[in-house]
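Notes follow the structure.
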Amino acid sequence: MLMKNAKIHNEKIIYRELRLSDIPQLYRMYTHLSEKTKRYFHPFPEKIFNVSTLITWMLLTLSTIKPLRKILLRLLPLSVYISFCCLYSNEIIGFIFIKLRNRHYGSLGIVVRDGFQGMGIGSKLINFMFALARREGIRKIRITVLADNYNAIKFFEKFGFKKTNFIRECDAYGDKKHDRVEMWLDL
């Protein structure tokens, strides 16, 4: 396991589409995020034996198989994730996805592992994802951000996202409900 606040030395960060073999490592990265980072990024239900959790991870896994993803895009676009990751020392340190809502638009999620935040990794991930999304025919991207996550709001505005809606107490994490800001981008 990499140390918190790791400095990048002599090893290259690799950016690529998520692969089937990455799923266990992605789950491990997610479960080792700090509570603060999980509060801001929690697209996966927390309980591993929850049916919703299993379905989410199963769909993410199936979406990593390109021929199957193409079939699912035609038949059940709501079941498809388009995802990208970055690795350092053969460990996933960043992850980005678009969960399709229909054939041409989807919801974005992004996380960079604690200790690697603020190094430009998120910016590179989002640029790679935008290129991949365009190739897949996605035209609009939506993201919701906790209203008190000012850094994330600024980050997404830098890439052209526009605030479109403020939603009160709709995001449950832990035993509290939080306000969200909805943002949209036309690709």
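Normalised by 2.2 N^0.38 Å, where N counts its residues, the alpha-carbon radius of gyration of the stretch 14-147 equals 0.99.
Would you mind putting 27-38, 55-66 in packing order, based on average other-beta-carbon counts within 10 Å, highest first?
On the way: 27-38: 14.5, 55-66: 16.1.
Top to bottom by mean Cβ count within 10 Å: 55-66, 27-38.
What the Cα convex hull of the stretch 89-164 gives, in volume per residue, is 106 Å³. By DSSP, the beta bridges lying fully in the chain are antiparallel in about 90 percent of cases. Using C-alpha pairs below 8 Å separated by at least 6 residues, the relative contact order for the stretch 14-147 is 23 percent. Estimated from helical segments only, the mean residue ellipticity of the chain at 222 nm is -10000 deg cm²/dmol, where each DSSP H run of four or more residues counts as -39500 (n - 2.57). Per-residue packing, averaged as other Cβ atoms within 10 Å, sorts the ranges 113-119, 83-89 into the order 83-89, 113-119, beginning with the highest. Dipole orientation for the chain: of the candidates Leu75, Tyr15, Trp57, Leu75 has the Cα lying most toward the positive pole (charges on Cβ; Lys, Arg +1; Asp, Glu -1).
No value in this document is a laboratory result; all are computed from the given coordinates. Keep in mind the model is a prediction, meaning the values are calculated, not measured. Neighbour counts run over all protein chains shown; Cβ positions are idealised from the backbone, glycine included.
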